[in-house]
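The values are calculated or read from the model by the stated rules, or taken from the named source; none is laboratory data. These numbers were taken from a predicted model, which means no experiment stands behind them. Glycine also receives a Cβ, built like all others from the backbone with ideal geometry; neighbour counts cover every protein chain displayed.
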Amino acid sequence: MEGFLELLQNPQYNVLAAFGMTLVLTILSAIGALILGLIVAVLRVSPVGILRMFGGLYVTLIRNTPLTLIVVLCGFGLLNLMGVRLLPASAPLAWQNIAWAVVALSVYHATFVAEAIRSGINTVPVGQAEAARAIGLNFGQTLGQVVLPQAFRGAIAPLGNTLIALTKNTTVCAAIGIAEASFMMRNMIEFNPNYIFAIFAIVAIGFVILTLPPGLVFTHYSRKLTVQR
Amino acid sequence: MTLGDQETATAPKAKDLVVLKDVNKHFGPLHVLQNINLSIGRGEVIVVVGPSGSGKSTLCRTINRLETIDSGEIRIDGKVLPSEGAALAKLRADVGMVFQSFNLFAHKSVRDNVTLGPRKVRKLSAAAAKEKAEKLLDRVGVGNQADKYPAQLSGGQQQRVAIARALAMDPKVMLFDEPTSALDPEMVNEVLDVMVDLARGGMTMVVVTHEMGFARKAADRVVFMADGQIVEENDPDSFFDAPQSARAKDFLSKILHH
């Protein structure tokens, strides 16, 4: 046990910093996925056939691709091999790597966000949109003022699930060498295999701490904000 | 050949507000609107009656293009109904619609239901829209419910709010698609009273309803539809007391005698 505490204090394995990276990846990707997912959901309900098709194609294609593939494609393929940089060239390579990881996570989880929002849209009775159009609102206003505010309330629970999945899926970024929690775990185990269960426990507890509060908050609001009909 | 073609009394006049000309619509193999010709003058109150499935709701919904038509032409205030886009939205703002199932915005308060259109479409200031909404809500008798949400109101109250929401756009014509069919019987009259007031106030109205009492009291003309056609149109007294067509006689005999 003493040896394990010593291990935790070893500056080489900074548990807090690793979980900090997990948190950064989660927050940035959640924002990215929400924006992109909203756009895709709107495409999927748009009155223009070709846009609907594009939205459907995006969801089918990306959702059925393993996340590891997307992350590796972005990190190794686009950044290392092709040299495509998302940040200014002066930014350190580690940051360039993180930027691509955020893009990969956003692109992947946007499909789940889009489906959550679309299922939320499907819970809004068609009469709501008809009434909005009948008072002269255009497509954007009908969506923004009437349909989406109600759709989001119906989508809160599945969106919460997606956020929790995203938090845990950030571990895939270890594949391109980003120093998040599971990357740290692998290093710790490699050099201290005798503490393998204690290390597992620390990382598992860390993820529970990260995912439990959002889970509770989302459940609370999905109940509280239910639209009364 | 349909009766609509022969009917000289309904030949469109230049100043008519709503003119439907040779309108056809199919739902798959079902020909729901067959060569509909109908002209509605300014301030006129038209009540559309007929058995279920006769196409009367569809007719009502085509007038603000919630249903598209396959052929023919619909003009409102002289302008052909645009097929989509900003022009259609602009026209819909001038055509008020009241639905069978109220369709109040469930996530907005009663007041916000009424102010949404004026603010977003007519670009009224929040204060002006609020003042207007409160005036209209008072007029339909639900002024004290402005802060509640639709689900907290009775059906009759919700429908009166829906009428206020449509009126807030200062529409040229109001469409009512079976406005009392979803209401408990004791709430029907509170809604019909508001509609009678509107009719007396000179509003142009197209009302699809089963309320024959309302038709007698408020209609300038009764349009009887069956199987997608306008079978008969006449002033209410003539229609109810001396229907001409066999279909209308049959329909009235089934609903009036009990």
Practice item. Would you mind finding the one in A:VAL217, A:VAL208, A:VAL227, A:VAL203 that is loosely packed, with under 12 Cβ neighbours inside 10 Å and of a type outside the set (D, E, K, R)? Key: A:VAL208
Exercise for review: Filter segment A:82-139 for residues that are surrounded by fewer than 18 Cβ atoms within 10 Å (Cβ to Cβ) and polar (S, T, N, Q) and give the result.
Suggested key: A:SER90, A:SER119, A:ASN122, A:THR123
Review point. Could you say which residue among B:GLN157, B:GLN152 is touching a residue at least 12 places away in the same chain (Cβ under 8 Å) and among the polar types (S, T, N, Q)?
Key: B:GLN157
Point to revise | Some residue of segment B:148-155 being outside any helix (DSSP H, G or I), more than 11 Å from chain A (Cβ to nearest Cβ) and buried (at least 21 other Cβ atoms within 10 Å of the Cβ) | key: no
Practice item. Return yes or no: is A:GLY3 buried (at least 21 other Cβ atoms within 10 Å of the Cβ) and of a type in the set (Gly, Ala, Ser)? Key: no
Practice item. Might you let me know whether segment B:118-126 holds any residue that is away from chain A (no Cβ under 13 Å), part of a helix (DSSP H, G or I) and more than 15 Å from B:LEU167 (Cβ to Cβ)? Key: yes
Review point. Could you list, in sequence order, the residues of segment B:185-215 that are over 29 Å from B:ASP147 (Cβ atoms) and not in a helix (DSSP H, G or I)?
Key: B:GLY202, B:THR204, B:MET205, B:VAL206, B:VAL207, B:VAL208, B:THR209, B:HIS210, B:GLU211
Exercise for review: Report, by residue number, each residue of segment A:129-166 that is of a type in the set (Gly, Ala, Ser), farther than 27 Å from A:ARG223 by Cβ and in a helix (DSSP H, G or I).
Suggested key: A:ALA134, A:GLY140
Check your understanding: Checking B:ALA182 against (1) within 12 Å of chain A (Cβ to nearest Cβ); (2) at pLDDT below 95; (3) part of a helix (DSSP H, G or I), which test does it fail?
Key -> (3)
Revision key, fill the gap. When every residue in segment A:140-168 that is within 30 Å of A:MET21 (Cα to Cα) and among the aliphatic types (A, V, I, L, M) is compared, the one surrounded by the fewest Cβ atoms within 10 Å (Cβ to Cβ) is A:ALA165
Check your understanding: With respect to the numbered conditions (1) at pLDDT 95 or above; (2) more than 10 Å from chain A (Cβ to nearest Cβ), which one is the sole condition not fulfilled by B:MET97?
Key -> (2)
Check your understanding: Can you spot a residue in segment B:225-235 that is of a type in the set (A, V, I, L, M, F, W, C), surrounded by fewer than 23 Cβ atoms within 10 Å (Cβ to Cβ) and within 25 Å of A:GLN228 (Cα to Cα)?
Key -> no
Check your understanding: If a residue has to be in contact with a helix residue (DSSP H, G or I) (Cβ under 6 Å, 6 or more places away or on another chain) and more than 24 Å from B:MET203 (Cβ to Cβ) to count, how many in segment B:215-232 make the cut?
Key -> 3
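Quick grid of which residues meet (1) within 12 Å of another protein chain (Cβ to nearest Cβ); (2) within 26 Å of the chain's Cα centre (by Cα); (3) over 19 Å from A:VAL59 (Cα atoms); (4) polar (S, T, N, Q):
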{"site": "A:GLU115", "(1), (2), (3), (4)": "no, yes, no, no"}
{"site": "A:SER119", "(1), (2), (3), (4)": "no, yes, no, yes"}
{"site": "A:ALA129", "(1), (2), (3), (4)": "yes, no, yes, no"}
{"site": "A:LEU137", "(1), (2), (3), (4)": "yes, no, yes, no"}
{"site": "A:ALA151", "(1), (2), (3), (4)": "yes, yes, no, no"}
{"site": "A:ILE156", "(1), (2), (3), (4)": "no, yes, yes, no"}
Exercise for review: Find the residue count for segment B:37-53, including only residues that are surrounded by 24 or more Cβ atoms within 10 Å (Cβ to Cβ) and closer than 20 Å to B:ALA246 by Cβ.
Suggested key: 3
Practice item. Name every residue in segment A:174-190 that is part of a helix (DSSP H, G or I), in contact with a helix residue (DSSP H, G or I) (Cβ under 9 Å, 6 or more places away or on another chain) and more than 18 Å from A:LEU16 (Cβ to Cβ), in order of residue number. Key: A:ALA175, A:ILE176, A:ILE189
Practice item. Could you grab me the full set of residues in segment B:50-91 that are more than 14 Å from every other protein chain (Cβ to nearest Cβ), closer than 21 Å to B:PHE27 by Cβ and either of a type in the set (Asp, Glu) or not in a loop (DSSP other than H, G, I, E, B) (or both)? Key: B:LYS56, B:LEU59, B:ASP70, B:SER71, B:GLY72, B:GLU73, B:ILE74
Exercise for review: Six or more apart or on different chains, Cβ under 8 Å: which pairs go from a residue in segment B:40-55 that's closer than 20 Å to B:GLU67 by Cα to one that's in a loop (DSSP other than H, G, I, E, B) and among the small types (Gly, Ala, Ser)? Could you list them?
Suggested key: B:ILE46/B:ALA219; B:VAL47/B:ALA219; B:SER54/B:GLY228; B:GLY55/B:GLY228
Exercise for review: Identify, from the list A:ILE196, A:ILE205, the residue that is of a type in the set (Val, Ile, Thr), without any contact (Cβ under 8 Å) to a residue 12 or more places away in the chain, touching a helix residue (DSSP H, G or I) at 6+ places or on another chain (Cβ under 9 Å) and assigned to a helix (DSSP H, G or I).
Suggested key: A:ILE196
Review point. Does A:SER29 qualify as being free of Cβ contacts under 8 Å to residues at least 40 places away in the same chain, polar (S, T, N, Q) and away from every other protein chain (no Cβ under 14 Å)?
Key: no
Check your understanding: Take the residues of segment B:100-114 that are more than 25 Å from B:GLN34 (Cβ to Cβ) and within 14 Å of the chain's Cα centre (by Cα): which is nearest to the other protein chains (Cβ to nearest Cβ)?
Key -> B:SER101
Review point. Is there any pair with a first residue in segment B:234-257 that is outside any loop (DSSP other than H, G, I, E, B) and a second that is of a type in the set (Phe, Trp, Tyr) whose Cβ atoms are under 6 Å apart and which are 6 or more apart or on different chains, and what are they?
Key: B:ALA248/B:PHE224
